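Below is one structure; the comments refer to it alone.
The values are calculated or read from the model by the stated rules, or taken from the named source; none is laboratory data. Keep in mind that what you see is a predicted model, and the values were worked out from it rather than measured. Glycine also receives a Cβ, built like all others from the backbone with ideal geometry; neighbour counts cover every protein chain displayed. Note: areas computed on protein heavy atoms with side chains; ligands, DNA, RNA excluded. Shrake-Rupley method; radii C 1.70, N 1.55, O 1.52, S 1.80 Å.
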Amino acid sequence: MTESEGIERYIQPHLRGFSGYSASTSPDTLKGKVDVLLDKIIKMNANENPYGCSPKVIKALAKAANLNIYPDDGQQELRRLISEYAKAPAQCIVAGHGSNTLIDFLVRLFIGPGDEVINAVPTFDIYRFSTQICNGTLVNTSRDEKFNIDVDAMIHAITPKTRLIFLATPNNPTGNITPREDILALIKTGLPVVVDEAYYEFSGETVMPLTNDYKNLIVLRSFSKWAGLAGLRVGYGVFPARIASAMMAIKIPHNVSVAAEIAVRESLDDLVYLQGRVKALIAERTRMFSELQGINWLKAYPSKANFIYCAVLKGSAGDLHQKLQKKGVLVRYFDNPLLKNSIRISIGKPEHTDALIKALRQIEL
Ligand SMILES: Cc1ncc(COP(=O)(O)O)c(C=O)c1O
């Protein structure tokens, strides 16, 4: 018996064949595989902010003197600062090491073996990932050809075992938003509804004010995209007060680093600068969308996020992804039952769009 055969039987049965989450390719891993220098790679595969974070963050981190001290586990200052920005009471806010980990804590809080999570696919894969880790049952409902959710199907999917409903708006990877009436219809079921607004700053649409009226609504946000803090990992959620206390109780201690805390403070102190960058990305989204429409073998879908989803109408998305990667342009590609032959391209700076379009024009499929 090999060591792995022996020890494998101690892994929980439902996790033995678990394939995990497929994260985006990092440029560091591409040495020798691309025709450009690694620092010339154009990264349009993870919806990061190509302008980086606020310069104030870099300055403050360079002189941070307290990196040897654990952050405040109660997140008092962080919750107060986020409360002003999100316009929600501080006691309802919980911050996390990226909003991903808040999704994970939420699933741990609500889901036991066999409990059901309603999902609207295709969507952000972490809802599936966390549900399966907790041995919950994912109940997938389909979206239509424009990726709108099917509210009736979602409501119809409710059973006595339903514990959570997840909804990303704008949706990743399709970029469309869910109309407020549809979200309200889900909230009115009385079940816990998680509205994931990781891309809110690019859509300008939010259901945050509804958290005052509905005690089953949870709104998640991220600093990764609009504030350019993906590498520092910080997100937050606004929860009903009772759920916020439960989240604070089950979260891993000190789950937001001192560096991330500093970055949040400085970002919120530099809103005009960061909002200017968001505006530039929104303008570039419009330009990239019209440029993509000039490529007749791609079908670009309208987006309210910082990326554009495209169906690949000729050849394979996997090949296209490889060919673009060879030229130093990274995009995300999908080819699975939920997301057939398609790519998702993050919005970059104007020169990134130009390089992408040039590369697309050169590629023969
Ligand atoms: C819909 C959605 N929610 C949440 C996240 C997680 O963001 P983070 O963990 O970086 O805050 C992402 C990241 O891609 C996302 O697309």
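The range 1-114 gives an Rg/Rh value of 1.07, both radii derived from C-alpha positions and Rh following Kirkwood.
Among 348-361, 134-147, 44-57, the peptide with the highest mean count of other Cβ atoms within 10 Å heads the list, and the full ranking is 44-57, 348-361, 134-147. Its DSSP H runs of at least 4 residues, each contributing -39,500 (n - 2.57), put the calculated 222 nm mean residue ellipticity of the chain at -10500 deg cm²/dmol, to the nearest 500.
Counted residue by residue at 0.36 nm each, then reduced by the alpha carbon distance between them, the extension gain from ILE11 to GLN275 reaches 90.4 nm.
For CYS310, neighbours were defined as the other residues whose beta-carbon sits under 10 Å from its Cβ, and their charges (Lys and Arg +1, Asp and Glu -1) total +2. Cross-link partners of LYS314 among aspartates and glutamates, defined as those whose alpha carbon lies under 18 angstrom from its own and excluding same-chain residues fewer than eight positions apart: GLU291, ASP335, GLU364. As a length-normalised measure over Cα pairs under 8 Å and 6 or more apart, the relative contact order of the range 244-353 settles at 21 percent.
Which aspartates and glutamates have a Cα lying under 17 Å from the Cα of LYS56, excluding residues fewer than 8 positions away in the same chain? The reachable aspartates and glutamates, counting only those whose Cα sits under 17 Å from LYS56, are GLU261, GLU266, ASP269, ASP270.
Tell me whether the range 145-304 comes out rounded, prolate or oblate; compute the Cα gyration tensor, take square roots of the eigenvalues as a ≥ b ≥ c, and use a/c under 1.5 as the rounded threshold. Oblate is the answer for the range 145-304, as a/c is 1.5 or above yet b/c matches or exceeds a/b. At the listed q of 0.11, 0.21 Å⁻¹, the Debye profile of the range 221-365, built from one uniform point per Cα, gives log10 I(q)/I(0) equal to -0.57, -1.21. Per-peptide packing, taken as the mean over residues of other Cβ atoms within 10 Å, places 269-276, 164-171, 237-244, 110-117 in the sequence 164-171, 237-244, 110-117, 269-276 from highest down.
When the pairs LYS33/LYS225; LYS225/LYS349; LYS225/LYS279 are compared against a 24 Å limit on Cα-Cα distance, LYS33/LYS225 fall above it. Prolate is the label for the range 208-301. Its Cα gyration tensor axes, ordered a ≥ b ≥ c, give a/c of at least 1.5 and a/b above b/c. The relative contact order of the range 127-283, computed from alpha carbon pairs under 8 Å that lie at least 6 residues apart in sequence, is 14 percent. Start at zero, step by 5 Å, and the Cα-Cα distances of the range 116-173 spread as 4, 20, 33, 25, 14, 4, 0 percent across the bins. Neighbours of PHE334, meaning other residues whose beta-carbon lies under 13 angstrom from its beta-carbon, give a summed charge of +1 when Lys and Arg score +1 and Asp and Glu score -1. Nonpolar atom fraction for the chain, defined as the carbon and sulfur part of the 1.4 Å probe accessible area, stands at 53 percent.
Translational diffusion of the chain, estimated by Stokes-Einstein from the Kirkwood radius over alpha carbon pairs at 37 °C in a medium of 0.692 mPa s, is 152 µm² per second. A protection proxy built from the mean count of other Cβ atoms within 10 Å ranks the segments 9-16, 20-27, most packed first, as 20-27, 9-16. When the chain is treated as a GNM with alpha-carbon contacts under 10 Å, the residue of HIS156, HIS97, HIS321 showing the greatest mean-square fluctuation is HIS156. Normalised by the number of residues in the chain, what is the relative contact order in percent for Cα pairs under 8 Å and 6+ residues apart? The normalised contact order for the chain reaches 23 percent.
The residues of the chain expose, per residue, 47 Å² of accessible area to a 1.4 Å probe.
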